[in-house]
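Colleague: Let me begin by handing over the structure; questions about it come next.
The values are calculated or read from the model by the stated rules, or taken from the named source; none is laboratory data. What you see is a predicted model, and the numbers here were worked out from it, not measured in a lab. Please note: Cβ atoms are built from the backbone with ideal geometry, for glycine as well, and neighbour counts cover all protein chains shown.
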């Protein structure tokens, strides 16, 4: 896959902290003074199909269990759950710049999430940008030169609307970032090994991505959603070698991840989380 110049075993490092399992960038990729992590399904208190570290409030799990899970995951990262900032995630390409005014939106109650938003960017330290996923593509961005971070949630609809590219545009417009200084990681998500789509969806992607995205396996047409988003980030001006693509498939790894395609509904959600540490 283009952009994967790194050794995959070095890209994401698994860590268990007080029973909570999470993935962080390996040391050679880890940005300075930035918190960046992807949760797993391990280490929470949720029961049944949400076993055990479900972090989504919108999937039918008990609110108190999710709140406790969010606190546990936050402690494992050394951050505070009440400082999360959450978008509603409606499979759009809307990205907004958030400030201290947005602190805590969606952190402990789903009805306070920022409406209609699938991407967030910020230059405010101590805000933890969060997106939820259970097969969709989580994208995390950082520009150390101007200390800006961002996050985006790309399902197939959001990908067709170039939500990752919109996150890059927002970083450029709001904070004068240069795309060539922006790094991005495409985190664990469903792989083309498990993501079958109908001809209608395939045709839309063929029109936008002539090469490397639509394939065929014995069970039908496959879609490489990670590669589609990678291509869009390159088209947005990011340097290919500064786009890091995880090869972890959420559908393949049942012990580590929730998967909507594999488990159907109800199931839990993981999070991607990024934020700037306060250096004061």
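Colleague: Looking at (1) within 21 Å of residue 152 (Cα to Cα); (2) over 19 Å from the mean Cα position of the chain (by Cα), which one does residue 81 not meet, given that it meets all the others?
Modeller: For residue 81, the exception is condition (2).
Colleague: Let me ask you something else. Run down 23, 73 and say which single residue is buried (at least 22 other Cβ atoms within 10 Å of the Cβ), under 19 Å from the mean Cα position of the chain (by Cα), modelled with pLDDT of 95 or more and assigned to a strand (DSSP E or B). Break it down into steps so the answer makes sense when it comes.
Modeller: Working: 73 fails: assigned to a strand (DSSP E or B).
Going through 23, 73 in turn, just one is buried (at least 22 other Cβ atoms within 10 Å of the Cβ), under 19 Å from the mean Cα position of the chain (by Cα), modelled with pLDDT of 95 or more and assigned to a strand (DSSP E or B): 23.
Colleague: Looking at 164, 191, which one is closer than 29 Å to residue 258 by Cβ, within 17 Å of the chain's Cα centre (by Cα), in contact (Cβ under 8 Å) with a residue 24 or more places away in the chain and in a helix (DSSP H, G or I)? Give the steps one after another, and end with the answer.
Modeller: Values: 191 fails: in a helix (DSSP H, G or I).
Just a single option satisfies the conditions, and that option is 164.
Colleague: Let me ask another. Please specify each residue of region 76-89 satisfying the condition of being in contact with a helix residue (DSSP H, G or I) (Cβ under 7 Å, 6 or more places away or on another chain) and assigned to a loop (DSSP other than H, G, I, E, B).
Modeller: 80
Colleague: Could you look through region 142-166, keep only residues that are in contact with a helix residue (DSSP H, G or I) (Cβ under 6 Å, 6 or more places away or on another chain) and closer than 19 Å to residue 31 by Cα, and pick out the one that is surrounded by the fewest Cβ atoms within 10 Å (Cβ to Cβ)?
Modeller: 145
Colleague: Cβ-Cβ under 8 Å, sequence separation 6+ or interchain: first residue in region 67-91 and on the phi > 0 side of the Ramachandran plot and in contact (Cβ under 8 Å) with a residue 12 or more places away in the chain, partner surrounded by fewer than 19 Cβ atoms within 10 Å (Cβ to Cβ) and part of a helix (DSSP H, G or I). Which pairs?
Modeller: From residues that are on the phi > 0 side of the Ramachandran plot and in contact (Cβ under 8 Å) with a residue 12 or more places away in the chain, the pairs are 91/157.
Colleague: Another question, then. When region 90-128 is examined, which residues are found to be within 17 Å of the chain's Cα centre (by Cα), more than 13 Å from residue 170 (Cβ to Cβ) and not in a loop (DSSP other than H, G, I, E, B)?
Modeller: Passing the criteria: 114, 128.
Colleague: Would you mind stating whether residue 35 is at pLDDT 95 or above, assigned to a loop (DSSP other than H, G, I, E, B) and surrounded by fewer than 21 Cβ atoms within 10 Å (Cβ to Cβ)?
Modeller: Values: at pLDDT 95 or above: yes; assigned to a loop (DSSP other than H, G, I, E, B): no; surrounded by fewer than 21 Cβ atoms within 10 Å (Cβ to Cβ): yes.
For residue 35, the condition - at pLDDT 95 or above, assigned to a loop (DSSP other than H, G, I, E, B) and surrounded by fewer than 21 Cβ atoms within 10 Å (Cβ to Cβ) - is not met.
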